[in-house]
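Okay, structure first, notes after.
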Amino acid sequence: MNFNTASLSLSLIMRPLQVPAAEVEAWVVQAIAEGLIDARMDQTTATVTVTRAMQREFGQPQWVQLQGKLRAWRDNVASLLSLVDGSARP
């Protein structure tokens, strides 16, 4: 997702997550650790500055892309199995 840097208050983040204020920091840290966002948290001002976020929408274009990747993976595995099977024969 492309956007300009966004600064959000921890209380604003708390509402959509529907978690207590005490848990918001843990959610933000987990999101950073999982690579879902690039962000910095300022405990003094109780804000999070997000510089990048991973796309969370999965619609028709993403299904088509996934289908292509899975077909390529299947074909690669089949080729590998064929190669292994051929090299196992004397």
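The values are calculated or read from the model by the stated rules, or taken from the named source; none is laboratory data. These numbers were taken from a predicted model, which means no experiment stands behind them. When we count neighbours, we look across all protein chains shown, and the Cβ atoms used for this are built from the backbone with ideal geometry, even at glycine. Protein only, heavy atoms only, side chains kept; ligands, DNA and RNA dropped before computing areas. Shrake-Rupley method; radii C 1.70, N 1.55, O 1.52, S 1.80 Å.
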Legend entry - Share of carbon and sulfur in the accessible heavy-atom surface of the chain [1.4 Å probe, %]: 58
Legend entry - Contour minus Cα-Cα distance for V77 and L36 (0.36 nm per residue): 11.8 nm
Legend entry - Approximate shape of the chain as ellipsoid semi-axes (Cα gyration tensor, √5λ), whole Å, largest first: 44, 15, 12
Inset, instruction - Order E23, E57, most accessible first, counting only protein heavy atoms with a 1.4 angstrom probe. - result: E57, E23
Inset, instruction - Treating the angle as unsigned and between 0 and 90°, give the value, to the nearest 10°, between the Cα long axis of helix 21-33 and the longest Cα principal axis of the chain. - result: 30
Inset, instruction - Please calculate how many Å² of accessible area the chain carries per residue, with a 1.4 Å probe and no DNA, RNA or ligand atoms counted. - result: 82
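With only Lys, Arg, Asp and Glu charged, each at its Cβ (+1 for the first two, -1 for the last two), find how big the charge dipole of the range 22-80 is about the Cα centre; round to the nearest 20 debye.
400
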Legend entry - Mean ellipticity per residue at 222 nm, deg cm²/dmol - from DSSP H runs of n ≥ 4 across the chain, formula -39500 (n - 2.57): -18500 deg cm²/dmol
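Can you give the relative contact order of the chain as a percent, counting alpha carbon pairs under 8 Å and 6+ residues apart?
Relative contact order of the chain: 29 percent.
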